[in-house]
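The values are calculated or read from the model by the stated rules, or taken from the named source; none is laboratory data. These numbers come from a predicted model, not from an experiment. Please note: Cβ atoms are built from the backbone with ideal geometry, for glycine as well, and neighbour counts cover all protein chains shown. Calculation scope for accessible area: heavy atoms of the full protein, side chains included, ligands and nucleic acids excluded. Shrake-Rupley method; radii C 1.70, N 1.55, O 1.52, S 1.80 Å.
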Amino acid sequence: MQNIKLSIDKAFGFISEQAVLGYKEKVAAANAALHNGTGKGNDFLGWLNLPSSIDEAHLADVENTARILRENCEVVVVVGIGGSYLGAKAVIDALSNSFDWLLTDRKAPIVVYAGQNIGEDYLYELQEMLKTKKFGIISISKSGTTTEPALAFRLLKTQLEEQQGKESAQKLIVAVTDKARGALRTLATQEGYKTYIIEDNIGGRYSVFSPVGLLPMAVAGFDIRQFVAGALSMEVLCGTETAFEENPAAIYAAVRNELYKSGKKIEILVNFHPKLHYVSEWWKQLYGESEGKDNLGIFPAAVDFTSDLHSMGQWIQEGERTIFETVITVNESNFQKIVPSDKANLDGLNFLAGKRVDEVNKMAELGTMIAHIDGGVPNLKIELPKLNEFYLGQLLYFFEKACGISGYVLGVNPFDQPGVEAYKKNMFALLDKPGFEAESKAIKAR
Ligand code: PA5
(Lines give C-alpha, C1' and ligand atoms only; values in the text may rest on other atoms or scores of the structure.)
Protein backbone atom coordinates (compact mmCIF):
# COMPACT_ATOMS: atom_id res chain seq x y z
CA MET A 1 0.00 0.00 0.00
CA GLN A 2 1.12 3.54 -0.71
CA ASN A 3 0.20 6.73 1.15
CA ILE A 4 -2.03 9.58 0.10
CA LYS A 5 0.17 12.49 -0.97
CA LEU A 6 -0.09 16.20 -0.23
CA SER A 7 1.53 18.67 -2.67
CA ILE A 8 1.84 22.34 -1.76
CA ASP A 9 4.21 23.66 -4.43
CA LYS A 10 1.39 25.42 -6.30
CA ALA A 11 0.78 27.60 -3.24
CA PHE A 12 4.26 29.08 -3.57
CA GLY A 13 4.20 32.32 -5.47
CA PHE A 14 1.29 33.31 -3.24
CA ILE A 15 3.08 32.51 0.01
CA SER A 16 6.75 31.67 0.37
CA GLU A 17 8.27 28.31 1.19
CA GLN A 18 10.23 30.11 3.87
CA ALA A 19 7.06 31.32 5.54
CA VAL A 20 5.65 27.79 5.59
CA LEU A 21 8.89 26.42 7.07
CA GLY A 22 8.57 29.16 9.67
CA TYR A 23 5.63 27.23 11.15
CA LYS A 24 7.81 24.24 12.02
CA GLU A 25 8.02 24.97 15.73
CA LYS A 26 4.45 26.22 16.15
CA VAL A 27 3.09 23.14 14.41
CA ALA A 28 5.31 20.78 16.40
CA ALA A 29 4.11 22.44 19.60
CA ALA A 30 0.48 22.08 18.49
CA ASN A 31 1.01 18.41 17.64
CA ALA A 32 2.71 17.82 20.99
CA ALA A 33 -0.13 19.62 22.81
CA LEU A 34 -2.58 17.21 21.19
CA HIS A 35 -0.54 14.19 22.27
CA ASN A 36 0.24 15.50 25.76
CA GLY A 37 -3.30 16.70 26.30
CA THR A 38 -2.15 20.18 27.26
CA GLY A 39 -4.13 22.23 24.73
CA LYS A 40 -7.67 23.63 24.62
CA GLY A 41 -10.47 21.07 24.60
CA ASN A 42 -8.16 18.37 25.95
CA ASP A 43 -11.12 16.38 27.25
CA PHE A 44 -12.02 15.60 23.60
CA LEU A 45 -8.90 13.83 22.38
CA GLY A 46 -10.25 10.28 22.24
CA TRP A 47 -10.10 10.34 18.43
CA LEU A 48 -6.32 10.88 18.37
CA ASN A 49 -5.27 7.29 19.04
CA LEU A 50 -8.58 5.72 18.12
CA PRO A 51 -7.32 3.73 15.09
CA SER A 52 -4.54 2.09 17.13
CA SER A 53 -6.86 1.36 20.03
CA ILE A 54 -9.48 -0.56 18.06
CA ASP A 55 -9.10 -4.25 18.83
CA GLU A 56 -10.10 -7.42 17.03
CA ALA A 57 -13.01 -8.15 19.39
CA HIS A 58 -14.56 -4.74 18.69
CA LEU A 59 -14.25 -5.10 14.92
CA ALA A 60 -15.71 -8.61 15.06
CA ASP A 61 -18.62 -7.39 17.17
CA VAL A 62 -19.41 -4.53 14.77
CA GLU A 63 -19.18 -6.93 11.81
CA ASN A 64 -21.51 -9.35 13.54
CA THR A 65 -24.14 -6.68 14.21
CA ALA A 66 -23.79 -5.55 10.61
CA ARG A 67 -24.31 -9.15 9.45
CA ILE A 68 -27.57 -9.44 11.38
CA LEU A 69 -28.87 -6.24 9.78
CA ARG A 70 -27.65 -7.34 6.36
CA GLU A 71 -29.38 -10.70 6.64
CA ASN A 72 -32.69 -9.25 7.80
CA CYS A 73 -33.04 -5.92 6.00
CA GLU A 74 -33.48 -4.63 2.48
CA VAL A 75 -33.00 -1.07 3.73
CA VAL A 76 -31.16 0.23 6.78
CA VAL A 77 -31.95 3.78 7.90
CA VAL A 78 -29.06 5.58 9.58
CA VAL A 79 -30.59 8.21 11.84
CA GLY A 80 -28.23 11.01 12.83
CA ILE A 81 -27.11 14.56 12.05
CA GLY A 82 -23.74 16.32 11.68
CA GLY A 83 -20.93 14.15 12.95
CA SER A 84 -23.40 11.37 13.63
CA TYR A 85 -23.97 10.64 9.93
CA LEU A 86 -21.63 12.59 7.63
CA GLY A 87 -18.60 10.29 8.00
CA ALA A 88 -20.57 7.15 7.25
CA LYS A 89 -22.29 8.76 4.28
CA ALA A 90 -18.99 10.13 2.97
CA VAL A 91 -17.38 6.69 2.87
CA ILE A 92 -20.46 4.76 1.74
CA ASP A 93 -21.12 7.17 -1.13
CA ALA A 94 -17.46 7.21 -2.16
CA LEU A 95 -17.33 3.41 -2.40
CA SER A 96 -20.83 2.55 -3.62
CA ASN A 97 -22.02 2.03 -7.14
CA SER A 98 -23.53 5.35 -8.28
CA PHE A 99 -26.77 3.56 -9.20
CA ASP A 100 -26.78 1.39 -6.12
CA TRP A 101 -30.52 1.51 -5.45
CA LEU A 102 -31.31 0.23 -8.98
CA LEU A 103 -29.08 -2.84 -8.80
CA THR A 104 -30.90 -6.15 -8.71
CA ASP A 105 -27.93 -8.27 -7.57
CA ARG A 106 -27.33 -6.36 -4.36
CA LYS A 107 -25.32 -8.08 -1.63
CA ALA A 108 -26.02 -5.50 1.06
CA PRO A 109 -29.04 -3.47 2.16
CA ILE A 110 -29.51 0.01 0.77
CA VAL A 111 -28.41 2.53 3.38
CA VAL A 112 -30.56 5.67 3.58
CA TYR A 113 -30.49 8.53 6.06
CA ALA A 114 -32.95 10.33 8.33
CA GLY A 115 -32.71 12.84 11.14
CA GLN A 116 -30.26 14.99 9.16
CA ASN A 117 -33.05 17.47 8.40
CA ILE A 118 -36.61 18.24 9.47
CA GLY A 119 -38.10 18.07 5.97
CA GLU A 120 -41.67 16.88 6.28
CA ASP A 121 -41.84 15.76 2.65
CA TYR A 122 -38.52 13.92 3.06
CA LEU A 123 -39.80 12.00 6.08
CA TYR A 124 -43.17 11.33 4.44
CA GLU A 125 -41.53 9.95 1.30
CA LEU A 126 -39.05 7.90 3.32
CA GLN A 127 -41.83 6.30 5.35
CA GLU A 128 -43.93 5.63 2.24
CA MET A 129 -40.96 3.89 0.61
CA LEU A 130 -40.32 1.82 3.76
CA LYS A 131 -43.93 0.55 3.87
CA THR A 132 -43.06 -2.23 1.45
CA LYS A 133 -39.54 -2.90 2.73
CA LYS A 134 -37.95 -5.02 5.42
CA PHE A 135 -35.96 -2.35 7.21
CA GLY A 136 -33.77 -1.75 10.24
CA ILE A 137 -32.56 1.37 12.03
CA ILE A 138 -29.19 2.51 13.32
CA SER A 139 -29.96 5.44 15.59
CA ILE A 140 -26.88 7.55 16.27
CA SER A 141 -26.74 10.45 18.69
CA LYS A 142 -23.97 11.11 21.16
CA SER A 143 -26.06 13.44 23.30
CA GLY A 144 -29.13 11.33 22.68
CA THR A 145 -31.24 14.47 22.78
CA THR A 146 -30.72 16.16 19.41
CA THR A 147 -34.13 17.18 18.05
CA GLU A 148 -33.75 16.23 14.37
CA PRO A 149 -32.70 12.57 14.85
CA ALA A 150 -34.94 12.12 17.89
CA LEU A 151 -37.95 13.20 15.83
CA ALA A 152 -37.06 10.94 12.90
CA PHE A 153 -36.39 8.02 15.23
CA ARG A 154 -39.76 8.41 16.92
CA LEU A 155 -41.50 8.17 13.53
CA LEU A 156 -39.41 5.26 12.26
CA LYS A 157 -39.50 3.23 15.48
CA THR A 158 -43.29 3.45 15.52
CA GLN A 159 -43.45 2.36 11.89
CA LEU A 160 -41.06 -0.53 12.38
CA GLU A 161 -43.00 -1.79 15.38
CA GLU A 162 -46.25 -1.58 13.41
CA GLN A 163 -44.79 -3.40 10.42
CA GLN A 164 -42.75 -6.07 12.22
CA GLY A 165 -44.21 -6.35 15.71
CA LYS A 166 -42.46 -4.97 18.78
CA GLU A 167 -40.28 -7.98 19.44
CA SER A 168 -38.83 -8.22 15.93
CA ALA A 169 -38.40 -4.45 15.76
CA GLN A 170 -36.23 -4.53 18.88
CA LYS A 171 -33.79 -6.84 17.08
CA LEU A 172 -33.61 -4.55 14.06
CA ILE A 173 -32.73 -1.38 15.97
CA VAL A 174 -29.19 -0.53 17.03
CA ALA A 175 -28.42 2.55 19.11
CA VAL A 176 -25.05 4.30 19.10
CA THR A 177 -24.92 6.81 21.94
CA ASP A 178 -23.44 7.91 25.25
CA LYS A 179 -22.73 5.18 27.78
CA ALA A 180 -25.10 6.59 30.41
CA ARG A 181 -26.68 9.93 29.49
CA GLY A 182 -29.44 11.01 27.14
CA ALA A 183 -32.89 9.95 26.05
CA LEU A 184 -31.57 7.50 23.44
CA ARG A 185 -29.59 5.62 26.11
CA THR A 186 -32.67 5.44 28.36
CA LEU A 187 -34.82 4.21 25.49
CA ALA A 188 -32.25 1.66 24.33
CA THR A 189 -31.87 0.22 27.83
CA GLN A 190 -35.61 0.03 28.31
CA GLU A 191 -36.28 -1.55 24.91
CA GLY A 192 -33.25 -3.84 25.01
CA TYR A 193 -31.63 -2.63 21.78
CA LYS A 194 -28.11 -3.63 20.84
CA THR A 195 -25.99 -0.57 21.65
CA TYR A 196 -22.57 0.88 20.99
CA ILE A 197 -20.95 3.56 23.10
CA ILE A 198 -19.57 6.85 21.82
CA GLU A 199 -16.88 7.61 24.37
CA ASP A 200 -17.13 10.91 26.25
CA ASN A 201 -13.83 12.10 24.84
CA ILE A 202 -14.80 11.70 21.16
CA GLY A 203 -16.69 14.63 19.61
CA GLY A 204 -19.23 14.06 16.84
CA ARG A 205 -17.13 15.34 13.94
CA TYR A 206 -14.13 13.25 15.06
CA SER A 207 -16.15 10.05 15.47
CA VAL A 208 -15.92 8.40 12.04
CA PHE A 209 -13.57 5.66 13.30
CA SER A 210 -15.93 4.77 16.15
CA PRO A 211 -19.08 2.65 15.63
CA VAL A 212 -20.73 5.90 14.43
CA GLY A 213 -18.92 5.40 11.14
CA LEU A 214 -17.89 1.75 11.25
CA LEU A 215 -21.31 0.14 11.76
CA PRO A 216 -23.12 1.78 8.81
CA MET A 217 -20.07 1.14 6.59
CA ALA A 218 -20.02 -2.55 7.54
CA VAL A 219 -23.77 -2.80 6.90
CA ALA A 220 -23.22 -1.33 3.43
CA GLY A 221 -20.71 -4.10 2.78
CA PHE A 222 -17.40 -2.26 3.12
CA ASP A 223 -14.21 -3.48 4.70
CA ILE A 224 -13.91 -1.63 7.99
CA ARG A 225 -10.63 -3.39 8.76
CA GLN A 226 -9.00 -1.78 5.73
CA PHE A 227 -10.57 1.55 6.64
CA VAL A 228 -9.11 1.39 10.16
CA ALA A 229 -5.77 0.12 8.79
CA GLY A 230 -5.56 3.19 6.54
CA ALA A 231 -6.28 5.47 9.48
CA LEU A 232 -3.71 3.68 11.60
CA SER A 233 -1.00 4.24 8.99
CA MET A 234 -1.81 7.97 9.05
CA GLU A 235 -1.92 8.00 12.86
CA VAL A 236 1.72 6.87 12.73
CA LEU A 237 2.78 9.15 9.85
CA CYS A 238 1.16 12.26 11.34
CA GLY A 239 2.53 11.60 14.83
CA THR A 240 5.04 13.67 16.78
CA GLU A 241 7.95 11.44 15.76
CA THR A 242 7.69 12.44 12.09
CA ALA A 243 9.75 15.37 10.85
CA PHE A 244 7.77 18.41 9.66
CA GLU A 245 8.79 17.87 6.03
CA GLU A 246 7.42 14.30 6.09
CA ASN A 247 4.28 14.95 8.12
CA PRO A 248 1.34 15.78 5.81
CA ALA A 249 -0.94 16.93 8.64
CA ALA A 250 1.72 19.32 9.92
CA ILE A 251 2.37 20.74 6.45
CA TYR A 252 -1.35 21.16 5.61
CA ALA A 253 -1.93 22.93 8.94
CA ALA A 254 1.02 25.25 8.32
CA VAL A 255 0.13 26.12 4.72
CA ARG A 256 -3.53 26.86 5.38
CA ASN A 257 -2.65 29.07 8.36
CA GLU A 258 -0.13 31.00 6.27
CA LEU A 259 -2.62 31.34 3.40
CA TYR A 260 -5.23 32.60 5.89
CA LYS A 261 -2.76 35.14 7.25
CA SER A 262 -2.07 36.32 3.69
CA GLY A 263 -5.79 37.12 3.16
CA LYS A 264 -7.10 33.83 1.79
CA LYS A 265 -10.20 33.50 3.93
CA ILE A 266 -12.00 30.76 2.01
CA GLU A 267 -10.75 27.25 1.30
CA ILE A 268 -12.55 25.39 -1.45
CA LEU A 269 -12.27 21.60 -1.35
CA VAL A 270 -12.39 20.42 -4.93
CA ASN A 271 -13.03 16.96 -6.32
CA PHE A 272 -13.19 15.67 -9.86
CA HIS A 273 -14.96 12.51 -8.73
CA PRO A 274 -18.69 12.93 -8.05
CA LYS A 275 -18.62 10.14 -5.48
CA LEU A 276 -16.55 12.37 -3.20
CA HIS A 277 -19.31 14.94 -2.72
CA TYR A 278 -20.01 13.82 0.84
CA VAL A 279 -16.33 13.62 1.74
CA SER A 280 -16.45 17.38 1.18
CA GLU A 281 -19.59 17.67 3.31
CA TRP A 282 -17.84 15.78 6.13
CA TRP A 283 -14.73 17.96 5.73
CA LYS A 284 -16.83 21.15 5.80
CA GLN A 285 -18.30 20.15 9.14
CA LEU A 286 -14.93 19.13 10.53
CA TYR A 287 -13.18 22.40 9.68
CA GLY A 288 -16.21 24.70 9.98
CA GLU A 289 -17.13 23.63 13.51
CA SER A 290 -13.53 23.27 14.62
CA GLU A 291 -12.10 26.60 13.43
CA GLY A 292 -15.05 28.95 12.94
CA LYS A 293 -15.13 30.72 16.32
CA ASP A 294 -13.77 33.74 18.18
CA ASN A 295 -14.37 35.70 14.94
CA LEU A 296 -11.67 33.61 13.26
CA GLY A 297 -11.41 30.71 10.85
CA ILE A 298 -11.16 29.88 7.16
CA PHE A 299 -14.61 29.41 5.61
CA PRO A 300 -14.70 25.86 4.26
CA ALA A 301 -16.50 25.58 0.93
CA ALA A 302 -16.63 22.78 -1.61
CA VAL A 303 -17.29 22.15 -5.29
CA ASP A 304 -17.69 19.08 -7.50
CA PHE A 305 -15.80 19.51 -10.77
CA THR A 306 -16.25 19.49 -13.64
CA SER A 307 -19.99 19.99 -12.85
CA ASP A 308 -19.44 23.15 -10.83
CA LEU A 309 -16.99 24.62 -13.34
CA HIS A 310 -20.21 25.43 -15.19
CA SER A 311 -21.59 27.32 -12.20
CA MET A 312 -18.96 28.35 -9.65
CA GLY A 313 -16.08 28.29 -12.14
CA GLN A 314 -16.58 31.94 -13.09
CA TRP A 315 -16.41 33.14 -9.46
CA ILE A 316 -13.37 31.04 -8.72
CA GLN A 317 -11.57 32.28 -11.84
CA GLU A 318 -12.38 35.99 -11.53
CA GLY A 319 -14.20 36.76 -8.26
CA GLU A 320 -12.74 38.30 -5.10
CA ARG A 321 -9.23 36.95 -4.58
CA THR A 322 -9.74 35.64 -1.06
CA ILE A 323 -9.79 31.93 -1.90
CA PHE A 324 -7.51 28.97 -2.22
CA GLU A 325 -8.27 25.47 -3.45
CA THR A 326 -7.44 22.04 -2.06
CA VAL A 327 -7.96 19.48 -4.80
CA ILE A 328 -8.57 15.82 -3.99
CA THR A 329 -7.47 13.77 -6.94
CA VAL A 330 -7.86 10.02 -7.46
CA ASN A 331 -4.96 8.66 -9.49
CA GLU A 332 -6.55 5.44 -10.78
CA SER A 333 -10.23 4.92 -11.54
CA ASN A 334 -11.64 1.55 -10.52
CA PHE A 335 -13.01 0.95 -14.04
CA GLN A 336 -12.02 1.88 -17.58
CA LYS A 337 -14.08 3.46 -20.33
CA ILE A 338 -12.64 4.24 -23.77
CA VAL A 339 -14.11 6.98 -25.96
CA PRO A 340 -15.31 5.31 -29.19
CA SER A 341 -14.50 6.58 -32.67
CA ASP A 342 -17.44 7.73 -34.80
CA LYS A 343 -17.40 7.70 -38.60
CA ALA A 344 -19.54 10.80 -39.05
CA ASN A 345 -17.87 12.65 -36.17
CA LEU A 346 -20.77 15.10 -36.08
CA ASP A 347 -19.99 15.99 -32.47
CA GLY A 348 -16.36 16.65 -33.43
CA LEU A 349 -15.11 14.39 -30.64
CA ASN A 350 -12.92 12.05 -32.68
CA PHE A 351 -9.85 13.81 -31.27
CA LEU A 352 -10.71 11.97 -28.05
CA ALA A 353 -11.30 8.57 -29.67
CA GLY A 354 -9.23 5.82 -28.06
CA LYS A 355 -8.57 7.85 -24.93
CA ARG A 356 -9.83 6.86 -21.50
CA VAL A 357 -12.61 8.99 -20.05
CA ASP A 358 -10.35 9.42 -17.02
CA GLU A 359 -7.67 10.97 -19.23
CA VAL A 360 -10.19 13.59 -20.35
CA ASN A 361 -11.07 14.18 -16.69
CA LYS A 362 -7.40 14.44 -15.72
CA MET A 363 -6.73 17.00 -18.45
CA ALA A 364 -9.75 18.97 -17.26
CA GLU A 365 -8.20 18.84 -13.79
CA LEU A 366 -4.78 19.95 -14.98
CA GLY A 367 -6.21 22.68 -17.20
CA THR A 368 -8.36 23.96 -14.34
CA MET A 369 -5.47 24.02 -11.91
CA ILE A 370 -3.31 26.05 -14.30
CA ALA A 371 -6.18 28.44 -15.08
CA HIS A 372 -6.96 28.99 -11.42
CA ILE A 373 -3.33 29.56 -10.48
CA ASP A 374 -3.13 32.08 -13.35
CA GLY A 375 -6.28 33.64 -11.93
CA GLY A 376 -4.71 34.12 -8.51
CA VAL A 377 -5.91 31.02 -6.67
CA PRO A 378 -3.27 29.07 -4.70
CA ASN A 379 -3.64 25.35 -5.19
CA LEU A 380 -2.98 22.45 -2.83
CA LYS A 381 -3.34 18.87 -3.98
CA ILE A 382 -4.10 15.62 -2.16
CA GLU A 383 -3.61 12.47 -4.24
CA LEU A 384 -5.37 9.19 -3.48
CA PRO A 385 -3.85 6.25 -5.36
CA LYS A 386 -7.35 4.73 -5.67
CA LEU A 387 -10.80 5.04 -4.14
CA ASN A 388 -10.91 2.27 -1.56
CA GLU A 389 -11.40 1.78 2.18
CA PHE A 390 -7.69 2.02 3.01
CA TYR A 391 -7.03 5.34 1.31
CA LEU A 392 -10.30 6.85 2.56
CA GLY A 393 -9.25 5.83 6.08
CA GLN A 394 -5.94 7.61 5.49
CA LEU A 395 -7.64 10.70 4.07
CA LEU A 396 -10.16 11.13 6.88
CA TYR A 397 -7.64 10.59 9.66
CA PHE A 398 -5.20 12.97 7.92
CA PHE A 399 -7.90 15.67 7.83
CA GLU A 400 -8.77 15.10 11.51
CA LYS A 401 -5.17 15.35 12.63
CA ALA A 402 -4.46 18.41 10.49
CA CYS A 403 -7.61 20.04 11.83
CA GLY A 404 -6.53 19.59 15.45
CA ILE A 405 -3.08 21.03 14.69
CA SER A 406 -4.44 23.83 12.51
CA GLY A 407 -6.98 24.87 15.16
CA TYR A 408 -4.29 25.07 17.82
CA VAL A 409 -2.03 27.11 15.53
CA LEU A 410 -4.96 29.46 14.88
CA GLY A 411 -5.46 29.75 18.63
CA VAL A 412 -8.98 28.31 18.94
CA ASN A 413 -10.43 25.28 20.67
CA PRO A 414 -10.97 22.88 17.75
CA PHE A 415 -13.13 20.54 19.82
CA ASP A 416 -16.10 22.60 20.93
CA GLN A 417 -19.02 24.11 19.00
CA PRO A 418 -20.73 26.63 21.29
CA GLY A 419 -22.22 28.50 18.33
CA VAL A 420 -24.44 25.56 17.38
CA GLU A 421 -26.64 26.16 20.44
CA ALA A 422 -28.01 29.57 19.37
CA TYR A 423 -30.54 28.29 16.82
CA LYS A 424 -31.63 25.47 19.10
CA LYS A 425 -32.53 27.89 21.91
CA ASN A 426 -34.67 29.97 19.53
CA MET A 427 -36.32 26.91 17.99
CA PHE A 428 -37.25 25.50 21.40
CA ALA A 429 -38.58 28.88 22.50
CA LEU A 430 -40.68 29.19 19.34
CA LEU A 431 -42.02 25.65 19.83
CA ASP A 432 -42.88 26.24 23.52
CA LYS A 433 -40.55 23.58 24.90
CA PRO A 434 -41.03 23.29 28.68
CA GLY A 435 -38.25 25.18 30.45
CA PHE A 436 -38.04 27.86 27.73
CA GLU A 437 -40.98 30.02 28.91
CA ALA A 438 -39.02 33.28 29.32
CA GLU A 439 -37.19 32.84 25.99
CA SER A 440 -40.49 32.01 24.36
CA LYS A 441 -42.09 35.23 25.49
CA ALA A 442 -39.07 37.27 24.41
CA ILE A 443 -38.70 35.74 20.95
CA LYS A 444 -42.42 35.89 20.18
CA ALA A 445 -42.36 39.61 21.02
CA ARG A 446 -39.79 40.02 18.24
O1 PA5 B 1 -19.61 17.61 15.79
C2 PA5 B 1 -20.54 17.63 16.57
O3 PA5 B 1 -20.39 17.42 17.78
C4 PA5 B 1 -21.98 17.87 16.10
O5 PA5 B 1 -22.04 18.19 14.76
C6 PA5 B 1 -22.81 16.63 16.36
O7 PA5 B 1 -22.26 15.54 15.69
C8 PA5 B 1 -24.27 16.82 15.92
O9 PA5 B 1 -24.78 18.00 16.45
C10 PA5 B 1 -25.11 15.65 16.40
O11 PA5 B 1 -25.07 15.53 17.78
P12 PA5 B 1 -25.54 14.22 18.51
O13 PA5 B 1 -24.70 13.09 18.07
O14 PA5 B 1 -25.38 14.52 19.97
O15 PA5 B 1 -26.99 14.00 18.15
Checklist entry - Scanning for something within 16 Å of the ligand (Cβ to nearest atom), open to solvent by less than 10 Å² (accessible area, probe 1.4 Å) and within 21 Å of the chain's Cα centre (by Cα), does region 114-122 turn up at least one residue? => result yes
Checklist entry - Can you tell me how many residues in region 179-203 are near the ligand (Cβ under 10 Å from one of its atoms) and under 17 Å from His58 (Cα atoms)? => result 2
Item to check | Matching helices (runs of 4 or more DSSP H) fully within region 13-128 where at least 1 residues are touching a residue at least 12 places away in the same chain (Cβ under 8 Å) and under 23 Å from Leu392 (Cα atoms) | outcome: 24-36, 50-53, 56-72, 86-95
Item to check | Number of the exception - Gly13 against (1) in the same structural domain as Asn388 (by TED's automatic domain parsing); (2) modelled with pLDDT of 95 or more | outcome: (2)
Checklist entry - Hey, does region 94-108 have a residue that's within 16 Å of the ligand (Cβ to nearest atom) and within 18 Å of the chain's Cα centre (by Cα)? => result no
Checklist entry - Does at least one position in region 4-25 carry a residue that is crowded, with 17+ Cβ neighbours inside 10 Å and within 21 Å of the chain's Cα centre (by Cα)? => result yes
Checklist entry - Can you tell me which residue in region 360-374 is nearest to Phe14 (Cα to Cα), limited to those that are surrounded by 14 or more Cβ atoms within 10 Å (Cβ to Cβ) and not β-branched (Val, Ile, Thr)? => result His372
Checklist outcome for this item: Checking Glu389, Glu439 in turn, the sole residue that is open to solvent by 30 Å² or more (accessible area, probe 1.4 Å) and either within 21 Å of the chain's Cα centre (by Cα) or within 30 Å of Glu318 (Cα to Cα) (or both) turns out to be Glu389
Next on the checklist: Looking at the structure I just gave you, is Val228 within 14 Å of the ligand (Cβ to nearest atom), of a type in the set (A, V, I, L, M, F, W, C) and open to solvent by less than 60 Å² (accessible area, probe 1.4 Å)?
Outcome noted: no
Next on the checklist: Name the single residue that is farthest from the ligand (Cβ to nearest atom) among those in region 134-146 being surrounded by fewer than 19 Cβ atoms within 10 Å (Cβ to Cβ) and under 22 Å from Lys179 (Cβ atoms).
Outcome noted: Thr145
Next on the checklist: The conditions are (1) part of a helix (DSSP H, G or I); (2) open to solvent by less than 40 Å² (accessible area, probe 1.4 Å); (3) more than 13 Å from the ligand (Cβ to nearest atom), and Leu155 fails exactly one of them. Which is it?
Outcome noted: (2)
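For every residue, the table says whether it meets (1) open to solvent by less than 20 Å² (accessible area, probe 1.4 Å); (2) polar (S, T, N, Q); (3) at pLDDT below 95.
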position: Gln159; (1), (2), (3): yes, yes, no
position: Glu162; (1), (2), (3): no, no, no
position: Gly182; (1), (2), (3): no, no, yes
position: Thr186; (1), (2), (3): no, yes, no
position: Tyr193; (1), (2), (3): yes, no, no
position: Ser207; (1), (2), (3): yes, yes, no
position: Leu215; (1), (2), (3): yes, no, no
position: Ala218; (1), (2), (3): yes, no, no
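Residues in region 333-342: is at least one more than 16 Å from the ligand (Cβ to nearest atom), surrounded by 20 or more Cβ atoms within 10 Å (Cβ to Cβ) and over 21 Å from the mean Cα position of the chain (by Cα)? Steps first, please.
The first filter runs over region 333-342 and keeps only residues more than 16 Å from the ligand (Cβ to nearest atom), leaving 333-342.
Keeping just the survivors that are surrounded by 20 or more Cβ atoms within 10 Å (Cβ to Cβ) gives none.
Checked region 333-342: no residue is more than 16 Å from the ligand (Cβ to nearest atom), surrounded by 20 or more Cβ atoms within 10 Å (Cβ to Cβ) and over 21 Å from the mean Cα position of the chain (by Cα).
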Next on the checklist: Condition first: within 20 Å of Gly144 (Cα to Cα) and free of Cβ contacts under 8 Å to residues at least 40 places away in the same chain. Now tell me which residues in region 161-175 satisfy that.
Outcome noted: Ala169, Gln170, Ile173, Ala175
Checklist outcome for this item: Across region 274-307, the tally of residues that are more than 16 Å from the ligand (Cβ to nearest atom) and open to solvent by 40 Å² or more (accessible area, probe 1.4 Å) stands at 9
Checklist entry - How many of the residues in region 407-438 are assigned to a helix (DSSP H, G or I), more than 16 Å from the ligand (Cβ to nearest atom) and in contact (Cβ under 8 Å) with a residue 24 or more places away in the chain? => result 3
